[in-house]
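Enquirer: Encoded as structure tokens, here's the structure I'll be asking about.
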Amino acid sequence: MNSRPIAATFFVVFCLLLCGLILRRQIAAHPLPPDTGRPGSSGQGSSGQGSSGQGGSGQDPWTERSWQPAPPALAKQVQGVVQAEIAALRGGNTPKAMSYGSQARRQRFPDPAQFLQLMQERHPELWEDHTVRYNPVSIDQEGQNVWAIVLLRNRSGERTRDDFLMVREGGVFKINHIQTRTLPK
């Protein structure tokens, strides 16, 4: 009997278990604070409430949603919107940056100077030189809301996680809310 296939199978299973253990430890080591663990929460560092005008029952409509992975083409489109807003902000084109926001966000922050000040105060990481990594984009069952998680690392190694919550308006997704949190180095 040849033991190589059995040994290879055990090795693959061992590697998968090890990867799972490492992933669980990473998740446990970096839990989300209670007020930022879901789309639409209104914790520190947010640029809006994220409820997109829904509700009235006192419940957070984002927690009632069922999220699933977005198709690759949609994820690419959503990431393009995020990249475009960051480029506009860094390029000093505040009106263009505002154009990527939802109608609800533009109503909350109609003044370009106020919007720029808010973004600089709450999301300074967007102006720094950084590397960007996108986590998979999620979409709700209705196809009207997406959740894009963007991980940024600046040159000094500081890391942030920016959750971009977007709503579909006129067939395109617009940024409704950004939630930022600092991650350990």
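Enquirer: Quick one: which of 119, 98 is in contact (Cβ under 8 Å) with a residue 40 or more places away in the chain and not polar (S, T, N, Q)?
Expert: 119
Enquirer: Something else now. With the structure loaded, tell me whether residue 119 is modelled with pLDDT of 95 or more and among the aliphatic types (A, V, I, L, M) or whether it fails that test.
Expert: no
Enquirer: Restricting attention to the range 116-128, and to residues there that are over 30 Å from residue 69 (Cα atoms) and either hydrophobic (A, V, I, L, M, F, W, C) or part of a loop (DSSP other than H, G, I, E, B) (or both), which single residue is nearest to the chain's Cα centre (by Cα)?
Expert: Step by step, filter the range 116-128, then rank; the result is 118.
Enquirer: Here is a further query. Any residue that is within 24 Å of residue 71 (Cα to Cα), assigned by TED's automatic domain parsing to the domain that holds residue 75, among the β-branched types (Val, Ile, Thr) and in contact (Cβ under 8 Å) with a residue 60 or more places away in the chain - is there at least one of those in the range 141-157?
Expert: Within the range 141-157, one or more residues are within 24 Å of residue 71 (Cα to Cα), assigned by TED's automatic domain parsing to the domain that holds residue 75, among the β-branched types (Val, Ile, Thr) and in contact (Cβ under 8 Å) with a residue 60 or more places away in the chain.
Enquirer: Could you grab me the full set of residues in the range 112-154 that are among the β-branched types (Val, Ile, Thr) and under 27 Å from residue 185 (Cβ atoms)?
Expert: 131, 132, 137, 149, 150 - these are the residues of the range 112-154 that are among the β-branched types (Val, Ile, Thr) and under 27 Å from residue 185 (Cβ atoms).
Enquirer: Are there any pairs, at least 6 apart or on different chains, whose C-beta atoms fall under 9 Å, with the first in the range 163-185 and over 17 Å from residue 84 (Cα atoms) and surrounded by 24 or more Cβ atoms within 10 Å (Cβ to Cβ) and the second of a type in the set (Lys, Arg) and at pLDDT below 95, and if so, which?
Expert: Filtered contacts from the range 163-185: 179/161.
Enquirer: So residue 131 ticks every box in (1) out of contact with any Pro (no Cβ under 9 Å at 6 or more places or on another chain); (2) at pLDDT 90 or above; (3) outside any helix (DSSP H, G or I) but one. Which box is left unticked?
Expert: With (1) out of contact with any Pro (no Cβ under 9 Å at 6 or more places or on another chain); (2) at pLDDT 90 or above; (3) outside any helix (DSSP H, G or I) applied to residue 131, the lone miss is (2).
Enquirer: Given the criterion loosely packed, with under 11 Cβ neighbours inside 10 Å, assigned by TED's automatic domain parsing to the domain that holds residue 131, modelled with pLDDT of 85 or more and not in a loop (DSSP other than H, G, I, E, B), identify the matching residue among 113, 75, 104, 88.
Expert: 113
The values are calculated or read from the model by the stated rules, or taken from the named source; none is laboratory data. It should be emphasised that the depicted structure is a prediction, and the values quoted were computed from it without experimental measurement. All Cβ positions, even for glycine, are placed from backbone atoms using ideal geometry, and neighbour counts span all protein chains on display.
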